1. Treating only the Cβ of Lys, Arg, Asp and Glu as charged (+1, +1, -1, -1), what charge dipole size does the chain show about its Cα centre? Round to the nearest 20 debye.
2. Just how far, in whole angstrom, is segment 90-165 from segment 225-297 if you go by their alpha carbon centroids?
3. Hey, can you find the accessible area per residue of segment 321-384 for me, probe 1.4 Å, expressed in square angstrom?
4. By how many nm would the segment from Thr43 to Lys382 grow when fully extended, if each residue of separation counts as 0.36 nm and the alpha-carbon distance is taken off?
5. Evaluate the charge dipole of segment 316-403 about its Cα centre and quote only its size in Debye, nearest 20, assuming +1 on the Cβ of each Lys and Arg and -1 on the Cβ of each Asp and Glu.
6. Choose one of Val256, Ile204, His216: the residue whose Cα lies farthest towards the positive end of the charge dipole of segment 131-400 (beta-carbon charges +1 Lys, Arg; -1 Asp, Glu; about the Cα centre).
7. Gain in length, Lys366 to Val52, computed as 0.36 nm per residue apart minus the alpha-carbon separation, to one decimal in nm?
8. Counting only complete DSSP H runs, which helices of the chain cover 24 Å or more along their long axis at the Cα atoms and score a mean Kyte-Doolittle of 1.0 or above?
Amino acid sequence: MKRSFFRNSLLKFGILIVILVFSGCITRPTYVYLTWQNDPHTTITVNTLSTVREYPIEIRYRELNNPNSPENILSKSPRDFTITEPHRKINTFELTELKPGEIYTFTLKTNKGRFTKELKFRTIPNDGKPLRFVVGGDMGILPSAPKLLKQAQKLNPQFVVIGGDIVYENGDPNKDWMWDIWLKHWTKYMIDNEDCLIPLIAGIGNHEVNEKDPSHPSTERAPFYFNYLAQCEKTYFYKKFEPHLLLILLDSNHIVSISDQVNWLNNVLEQNSNYPFIIPVYHVPMYPSHRPFDGAISAEQRKLWLPIFDKYRVSVAFENHDHTFKRTKSLRNGVVSSEGTVYLGDGCFGVSPREIKNHELGYLEKASGIKHFWLVEIDSEKLTAKAVDIKGKVFDEVIISPR
Ligand SMILES: [Fe+2]
C-alpha cells in the first residue's frame, strides 16, 4: 500500500516536471541588464541574453509617474551568438527620446507570446542634481564579487563603471558559463532602492580579450565584451553627465593601441573643456601599486596620455589591473602639485588582493590589499570619492574641487 502510494506520487511529480518543461515554465533564465549606447539622460539600452528556447522580441515601456503617457512598443529580432554551446539569443533594445530624470517601466514580450514581469529603469537627471556612481575594476565571479555588489547596491548608485577585467573569461567561448554566473550576480544586486535596474558602463581589460591575432575583427578578439554589452562600437568612448561630468573610457592597449587614441583624446578634451569634472577610467595604471613602474603599457600611457591629462587638468583618474587599493598624491607630470590629478585604484572589485610594492617610489599617498570599490558623488561644489570595503565600511575618502 505504502509502496504504491510512493510510486503514484513519484509518477505525478514526473508528469508535472514534463508539463512544466514543455510549457516553457522551466527554462534557463533570460538575463536583462542595462547599458548605454548614447546619451544617459534621454536613452537607455535594454540588453537581453537567452538560450534559444524562449527569448524577447519586443519591449513595451512607458513613464511610471505620468498616467497620460502612452505605451511605446519596440519590436526587434534577436541575433544569434553561436560560438557558445548552447547558442544564445541576444537582443538589444535602445529606447530613445526619453525624459531626463524619469522612471520608466517596461515588460518584454517573448517569441512565445509571454510577457516578463514589469521592470523599471531611471534616466539620469540633467538639472544639476548630484550625481552618484560606483566605479571599480577586476571583478570576476569569486564570492567576494557579489558581496561587494551587495554593498554597492546599498549605496543606491545611478550607474556602475567597471574599468576592465569584468568576468575573466579571457574571450574564450568555452567559458560562457562564467558570464552566466557573473550575470546572475549582477542582475540580483544591481537594482536600486526604487526597484530600477542600475546601468553598467564597461571598460575593456586584458581578461576580455583572447589570443587571436590582432588581424581578426575586434568582435572576435573580445567576443563577450562586444556582443553581450551594447555600448559603443569602440573600446574608447565618452559619456556626458550634464552639467557635472565628462567620463572617458580608454583602452590600455587591449584592442586599440595607446597611440591611436591620442588625437581622439586631445579632441574630446579640447571640445569639452567646460566640464567641472573630467574623469578617465582605464585598465592598466600609470602609477601602479603592485606591478613595475616601468611596465611597457604604464610607461607608454604616461608618455602619450599623461601630458593631455595635465593640459586639461583631469580631476581624478580611475586605474585598475593591479588588484589593490591605492590613492596617489595629487600629481602633475609625475611631481606632487596642488593643480594635479589624483589617481585612484587599483582594481579589486572582487578578485583577491595583491601585495603593495611601490611605496618607495613616493607617488602613493595610501595603498593596501583591500577588496573594495569607489563611490563617487558629484555636485556643483565638489567631487567626493569614498573607498568602500566588503563590509560596507568607508575606509578612505578624497574630496576634489571643480577644475
Ligand atoms: Fe587586468
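The values are calculated or read from the model by the stated rules, or taken from the named source; none is laboratory data. Remember, it's a predicted structure, so these values are computed and weren't measured experimentally. Note that each Cβ is placed from the backbone with ideal geometry, even for glycine, and that neighbours are counted across all protein chains shown. For accessibility, only protein heavy atoms count, side chains too; no ligands or nucleic acids. Shrake-Rupley method; radii C 1.70, N 1.55, O 1.52, S 1.80 Å.
1. Once rounded to the nearest 20, the dipole reads 1680 debye.
2. 21
3. For segment 321-384, the solvent-accessible area averages 40 Å² per residue.
4. 119.4 nm
5. 120
6. The listed residue farthest towards the positive side: Ile204.
7. The Lys366-Val52 span can extend by a further 108.1 nm.
8. Within the chain the helices that satisfy the rule are 2-22.
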